[in-house]
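Take a look at the structure below.
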Amino acid sequence: LSEVQKLNNDDRLFLTAFYYRQIGKNDRALLTLNKLLNERPEMSKAKREKVLVLKNLQEYEQAMGLAKENYYLYSDNPYHIQAYFDCLINTYNNKPENELLHDLLDKLSKIHSEKAQSMYGRCNALYFAYVEQNYDAAIKEINRVQEDFPCDKKYALTIKFDISRIFHKLEEMENVIKLLEADGTNNNTLVICKSKLLADRGETDKAINYFLSSISFFTDESKKTFCEKLKTHI
């Protein structure tokens, strides 16, 4: 933070926001990015960063517009493809977009970098779960991703949690949480997963109280949105 003070205003604000996201202070990252985008509304890397922050805050509906814009401006960028896919899949129950999800998946599959292929596998597993309603195929795919891309294990585990939740596999959700804890996953991810598990067990009030008392660096609006989702098991 002391070093970036020497940079010009745009770079200083961007790197400050990037730093805050990296250490899990997403509310501060969002505040900084909003300030930057008010001054530089067309700054693409700031818009990309804001999508990542909103995803961390579980604000997929709010991230959707920017994720879509970023994708159509840079449609060959795997990070933009994945971000748009994530927003669509996490709002799938409200508005299924099967054809668009398939197109994004197909485009991602053709990018042959290791990182893109890891992203493709995770997205493909979610496609099997949400669109095809095929638990066995989804689990098989995410297990393959864990084996083929061990550096991305924590991301694969969070996808496995989501898949287990779709099919109401409470015991498997609990097992994944234990694996995430052993892997040193950041606290907010664990709090989100544990809150969802409590809600899916029918302990909604306990889930909300646990979330509000344990989550760190969420905006008030994000807390409210997430708690509403817990009530409706979204």
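The values are calculated or read from the model by the stated rules, or taken from the named source; none is laboratory data. All figures in this text were calculated on a predicted structure; none of them were measured in a lab. Here the Cβ is made from the backbone with ideal geometry for all residues, glycine too, and neighbour counts use every protein chain on show. Keep in mind that these areas ignore ligands, DNA and RNA; they rest on the heavy atoms of the full protein, side chains included. Shrake-Rupley method; radii C 1.70, N 1.55, O 1.52, S 1.80 Å.
Within the range 181-195, which residues are surrounded by fewer than 18 Cβ atoms within 10 Å (Cβ to Cβ) and part of a loop (DSSP other than H, G, I, E, B)?
Those that are surrounded by fewer than 18 Cβ atoms within 10 Å (Cβ to Cβ) and part of a loop (DSSP other than H, G, I, E, B): Asp183, Gly184, Asn186.
Which condition does Leu31 not pass, out of (1) of a type outside the set (Val, Ile, Thr); (2) in a helix (DSSP H, G or I); (3) open to solvent by 40 Å² or more (accessible area, probe 1.4 Å); (4) closer than 27 Å to Lys110 by Cα, if it passes all the others?
Leu31 satisfies all of (1) of a type outside the set (Val, Ile, Thr); (2) in a helix (DSSP H, G or I); (3) open to solvent by 40 Å² or more (accessible area, probe 1.4 Å); (4) closer than 27 Å to Lys110 by Cα except (4).
Of the conditions (1) part of a helix (DSSP H, G or I); (2) open to solvent by 50 Å² or more (accessible area, probe 1.4 Å); (3) not basic (Lys, Arg), Gln133 satisfies every one except a single condition; which number is it?
(1)
Results for (1) more than 19 Å from the chain's Cα centre (by Cα); (2) more than 21 Å from Asn124 (Cα to Cα); (3) in contact (Cβ under 8 Å) with a residue 60 or more places away in the chain, shown as yes or no for each residue.
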{"residue": "Arg40", "(1), (2), (3)": "yes, yes, no"}
{"residue": "Met43", "(1), (2), (3)": "yes, yes, no"}
{"residue": "Arg48", "(1), (2), (3)": "no, yes, no"}
{"residue": "Leu52", "(1), (2), (3)": "no, no, no"}
{"residue": "Glu59", "(1), (2), (3)": "no, yes, yes"}
{"residue": "Leu73", "(1), (2), (3)": "yes, yes, no"}
{"residue": "Gln82", "(1), (2), (3)": "no, no, no"}
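Residues in the range 86-112 that are within 12 Å of the chain's Cα centre (by Cα) and in contact (Cβ under 8 Å) with a residue 40 or more places away in the chain: how many?
1
Looking for something open to solvent by 30 Å² or more (accessible area, probe 1.4 Å) and in contact with a Phe, Trp or Tyr (Cβ under 7 Å, 6 or more places away or on another chain) - is there at least one such residue anywhere in the range 4-22?
There is no residue in the range 4-22 that is open to solvent by 30 Å² or more (accessible area, probe 1.4 Å) and in contact with a Phe, Trp or Tyr (Cβ under 7 Å, 6 or more places away or on another chain).
Can you tell me which of (1) closer than 19 Å to Leu230 by Cα; (2) open to solvent by 50 Å² or more (accessible area, probe 1.4 Å); (3) touching a Lys or Arg at 6+ places or on another chain (Cβ under 6 Å) is the one Leu198 doesn't meet?
Just one mismatch for Leu198, condition (2).
Being among the basic types (Lys, Arg) and either farther than 28 Å from Val191 by Cβ or part of a helix (DSSP H, G or I) (or both) is true for just one of Lys95, Lys115. Which residue is that? Explain how you work it out, then say what you get.
Values: Lys95 fails: either farther than 28 Å from Val191 by Cβ or part of a helix (DSSP H, G or I) (or both).
Selected residue: Lys115, the only one of Lys95, Lys115 that is among the basic types (Lys, Arg) and either farther than 28 Å from Val191 by Cβ or part of a helix (DSSP H, G or I) (or both).
Mind listing just one residue for me: the one in the range 36-77 that is of a type in the set (Lys, Arg) and closer than 21 Å to Lys223 by Cα and, of those, surrounded by the most Cβ atoms within 10 Å (Cβ to Cβ)?
Top of the filtered list is Lys50.
Filter the range 200-234 for residues that are in contact (Cβ under 8 Å) with a residue 60 or more places away in the chain and either farther than 14 Å from Leu57 by Cα or not in a helix (DSSP H, G or I) (or both) and give the result.
Scanning the range 200-234 gives Ser216, Phe217, Phe218, Thr219, Ile234.
With the requirement that a residue be at pLDDT 95 or above, under 19 Å from Val131 (Cβ atoms) and among the polar types (S, T, N, Q), what does the range 47-101 give you?
The answer is Gln82, Asn90, Thr91, Asn98.
Checking Ala116 against (1) in contact with a Phe, Trp or Tyr (Cβ under 8 Å, 6 or more places away or on another chain); (2) open to solvent by less than 20 Å² (accessible area, probe 1.4 Å); (3) over 29 Å from His233 (Cβ atoms), which test does it fail?
Looking at each condition in turn, Ala116 falls short on (1).
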